[in-house]
Amino acid sequence: MKEFVLQDDFDLSKASIDYRQELNPEQLNVVLNGDGACLVLAGAGSGKTRTITYRVAYLLERGVSPESILLVTFTNKAAKEMLSRVEGLLGRYPTGLWGGTFHSIANRLLRINGSQLGYTSNFTILDQEDAKSLIKICIKALNVDTTSRRFPSPAKVHAMISYAQNSGRVMSDVIESKYPSFLEIAPVIERIAELYAQRKRQADAMDFDDLLLKLRELLYHHEGVRQKLAHQFEYVLVDEYQDTNVVQAEIIRQLASEHGNVLVVGDDAQSIYSFRAAEIRNILGFPQTYADTKTFRLTTNYRSSPEILAVANSSITQNREQFKKELTAVRGSLERPGLVPASNASQEAQFIAQKILALREEGMSLSEIAVLFRAAYHSQTLEFELMKRDIPYEYRGGLKFFERAHVKDIVSHLRIRQNPKDEVAWMRILGLLNGVGLTSAEAMASQFKGYDSLAGIFNGSPKIPKRAQVGWEGLRKTLEKMAREEHPAELIRAVIAGDYRDYLEAEYPDFMDRLEDLEQFALFAEGYTSLQTFLDEVSLTGEYGIVRNNEVAPGFSLGETEREDRLILSTIHQAKGLEWDAVFVMHLVDGKFPIGAALDEDGGLEEERRLFYVATTRARKELYFTYPIMSGYDTLMLSQPSMFLQELPDGLLEEVKLKAAISRPVHGSFSDSEWGDGPTIVFDDLGERTQKSVPKMSFLRDIDEL
């Protein structure tokens, strides 16, 4: 084993931990020689957490006081895990050590020193709901007219304020670049932000962003406090440094300004949170920020097969802005990752579902299998397929598709079209209108129960409160358009094309993602001709699962235990830091992954490629990349495979040819007898796995073979 020269005279033979035995040479180098400014580039699956915890244990064994060590992480779970591991290594809890998230550390320091900024030690922390409520009060106090045009919701205003603060940008620039549809009311939003800050101060309260902003202010403008804290924290260690924003990076710089012992661990190749104002230049520019930086690389990967790492290494080399490193595998050689072109989204979903069942038959538990996707709406067709086959699954990164608020909103519109007496559906969609509260919604819905058709409501004289007139007229236009349509897909598009789109944009920070959900929902509905059948099947995919022969399908009943073996469905963002034996990365189509909007953003394409890298490195043994060749229904469109697949060298992937094609997605009942002429697919060993290199654009040649 490589020998390292220690920076002090600590005798390792007297340590209670055998560091040379427990760590590989890369990790040991960090643990023994991590004094000064240190940048640890920790590749996926390289033992990052292990390295940090052993470094902390080493410092304590070396005689460093626990109160002099600051360990900063991004989640409470990570902080607890690291401190628990240190306790396990030393046989005692490191009492006095400062460990926690950025926000928890900031809270502790501000409780002690907040009086310097005019706060008491008992200041209140506002959670997300509190913040939205206060912004709502500010909007009312400023007499903002929110009825003449759709005004952004308190949640959306808070998102604007939060992003501006965490990115260090002025509000007008943020609105212009990220929320251009609200540019004309930017001055109003700025006044709301000013009053919001004023009201928080008057209430001796801070929101989550303030915890960081006020700590930074304390360190930069109160020299005595900065000197005291910087002197106390002899060693500062930061996990996941690639995810820090400009405020967090500045806090760390001030806290480490006295001793200069700042060790940050991260992987620039896994920086994927710019939408949260994470700044990749914090890690890329670390050597320029801190003089005499020592750079360490952890590249020994304990997670994935060599074939999987070959794909990851090859893909990430396409990025220009990065620290070059190449992961090497400890695992033995396995099969190459599979490339699976499917004729359409239905066939893609069916392949994934059937392959999952085959893996389970081979002895792999469902919880060791994950299906990952770039955006939540990509999973919709697969979710239906899993339900048909009674495959239980857990959804990470949000609610299951049919549980999402905007999907339920659309379904409520469809229910009104089918049954105008549906009071519950009326209550939901009336509650979306400006000027309509619970009482007025109940009164309006009660009137509508007396009509047998939408036409009867339009021709009648329902009493509409004055404040609800504008909203009602918009909804009426949408319903009149729906009354002229029969096909479920066109009914959905009629809702999206109306005032509901404006509601989404004003209400939700992730407006575009939700709109994509609904467009995918309409595409899926193209396979149905009966609105009643469509509503029946959608309704039966809720918490009671799919009903067949008057019985609840296994795996979806209420009261099931958390211990049940479940497949994991997850967005890639939510999957970061996790790993599974088998991983499917689905819907790898240009315009979907990478998303089209990324091509217009500075650094957007490289972040999308980092997402692809993160998805790839979640897999231990088996990895499949899938994509539909065609999309659409009446008009079929040919899709290009993701550029991330096309830029891989020949020979890294093996193509899986599916034996049966599906001409179009046709859906009827979930009853097997009614599938009849619907989509069925038969695989010969789940498709023929070719043993040749995959030529570029081979999907064009193989369309007729699918």
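The values are calculated or read from the model by the stated rules, or taken from the named source; none is laboratory data. Worth saying up front: this structure is predicted, and the values here are computed from it rather than measured. Quick reminder, even Gly has a Cβ in these numbers, built from the backbone with ideal geometry, and neighbours come from all protein chains shown. Ligands, DNA and RNA are stripped out before the accessible areas are found, and what is left, the full protein with its side chains, is counted by its heavy atoms. Shrake-Rupley method; radii C 1.70, N 1.55, O 1.52, S 1.80 Å.
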I need the trypsin sites (Lys or Arg not before Pro) found in region 63-142, filtered to DSSP loop residues with at most 13 other beta carbons within 10 Å of theirs.
92
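Mind checking the full-extension length gain between residue 128 and residue 194? Use 0.36 nm per residue of separation minus the Cα-Cα distance, one decimal, nm.
On the way: separation 66, 0.36 × 66 = 23.76 nm, distance 1.80 nm.
My answer for the length gained is 22.0 nm.
If I stretch the segment between residue 320 and residue 258 completely, what's the gain in nm (0.36 nm per residue apart, minus their alpha carbon distance), one decimal? Each step should come with its number before you reach the end.
On the way: separation 62, 0.36 × 62 = 22.32 nm, distance 3.42 nm.
Net length gain for the segment: 18.9 nm.
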Output ³J(HN,Hα) for region 233-238: one whole-Hz value per residue in order, computed from phi by the Karplus curve 6.51 cos²θ - 1.76 cosθ + 1.60 with θ = phi - 60°, and x for Gly and Pro.
8, 6, 10, 10, 10, 10
With unit charges on the beta carbon (Lys/Arg positive, Asp/Glu negative), name the residue among 271, 246, 522 whose Cα is farthest towards the positive pole of the charge dipole of the chain.
246
Which loop chymotrypsin sites (Phe, Trp or Tyr not before Pro) in region 247-310, with loop taken from DSSP, have no more than 15 other Cβ atoms within 10 angstrom of their Cβ?
302
For residue 375, other-chain or 5+-apart residues with amide H closer than 5 Å (H placed, Pro excluded) are none
How many angstrom lie between the Cα centre of region 193-219 and the Cα centre of region 290-310?
39 Å
If you put +1 on each Lys and Arg Cβ and -1 on each Asp and Glu Cβ, how big is the dipole of region 419-502 around its Cα centre, in Debye rounded to 20?
260 debye
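Please report the carbon-and-sulfur percent of the accessible area for region 60-190; probe 1.4 Å, protein heavy atoms only, DNA, RNA and ligands left out.
Values: 3060 of 6250 Å².
Looking at region 60-190 in its full context, I get 49 percent from C and S.
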Which GluC sites (Glu not before Pro) does region 273-378 hold that lie in a coil by DSSP with at most 16 other beta carbons within 10 Å?
321, 326, 335, 362
Treating only the Cβ atoms of Lys and Arg (+1) and Asp and Glu (-1) as charged, compute the dipole magnitude of region 1-99 about its Cα centre; round to the nearest 20 debye.
400 debye
Extent of region 126-189 along each principal axis, from alpha carbon coordinates, in Å, largest to smallest?
30, 26, 15
Residue (of 311, 367, 213) at the positive-pole extreme of the chain, dipole from beta-carbon charges
213
Plugging the Cβ-Cβ distance of residue 449 and residue 481 into 1/(1 + (r/R0)^6) at R0 = 25 Å yields, to the nearest 0.05, a FRET efficiency of 0.65
Using Cα pairs under 8 angstrom and six or more residues apart, how large is the relative contact order of region 76-169, in percent?
15 percent
So how much slack lies between residue 396 and residue 146, counting 0.36 nm per residue of separation and subtracting their Cα-Cα distance, in nm?
86.5 nm
If only Cα atoms are counted, what is the Rg of the chain, and what is its Dmax, in Å?
28.1, 91
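Taking R0 as 56 Å, what's the FRET efficiency between residue 291 and residue 181 from their Cβ-Cβ distance, rounded to 0.05?
Working: r = 45 Å, r/R0 = 0.81.
That pair, residue 291 with residue 181, gives E of 0.80.
Please get the size of the charge dipole for the chain, origin at its Cα centre, with Cβ charges of +1 on Lys and Arg and -1 on Asp and Glu, quoted in debye to the nearest 20. Please report the intermediate quantities before stating the final value.
Details: 81 positive and 102 negative charges, 302 e Å.
In total the dipole reaches around 1460 debye.
Efficiency by 1/(1 + (r/R0)^6): what FRET value for residue 302 and residue 469, r their Cβ-Cβ distance, R0 = 60 Å, to the nearest 0.05?
Values: r = 64 Å, r/R0 = 1.07.
Once the sixth-power term is evaluated, E becomes 0.40.
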Based on the alpha carbon coordinates of region 366-513, what radius of gyration and maximum Cα-Cα distance (Dmax) apply, in Å?
17.6, 59
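In the chain, what % of DSSP beta bridges are antiparallel (nearest 5)? Show your work: numbers first, answer last.
Values: 8 of 59 bridges.
For the chain, the DSSP antiparallel bridge percentage is about 15.
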Could you tell me how far the Cα centroid of region 468-514 sits from the Cα centroid of region 351-423, in Å?
24 Å
Checked against the positive end of the charge dipole of the chain (+1 on Cβ of Lys and Arg, -1 on Cβ of Asp and Glu, about the Cα centre), the farthest of 378, 76, 343 is 76
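May I ask you to give the solvent-accessible area per residue for region 580-660, in square angstrom, as obtained with a 1.4 angstrom probe? Each step should come with its number before you reach the end.
Details: 2700 Å² over 81 residues.
Heavy-atom SASA per residue in region 580-660 reads 33 Å².
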Among the listed pairs 132/576; 14/325; 140/477; 140/178, which have their C-alpha atoms separated by more than 31 angstrom in this model?
14/325
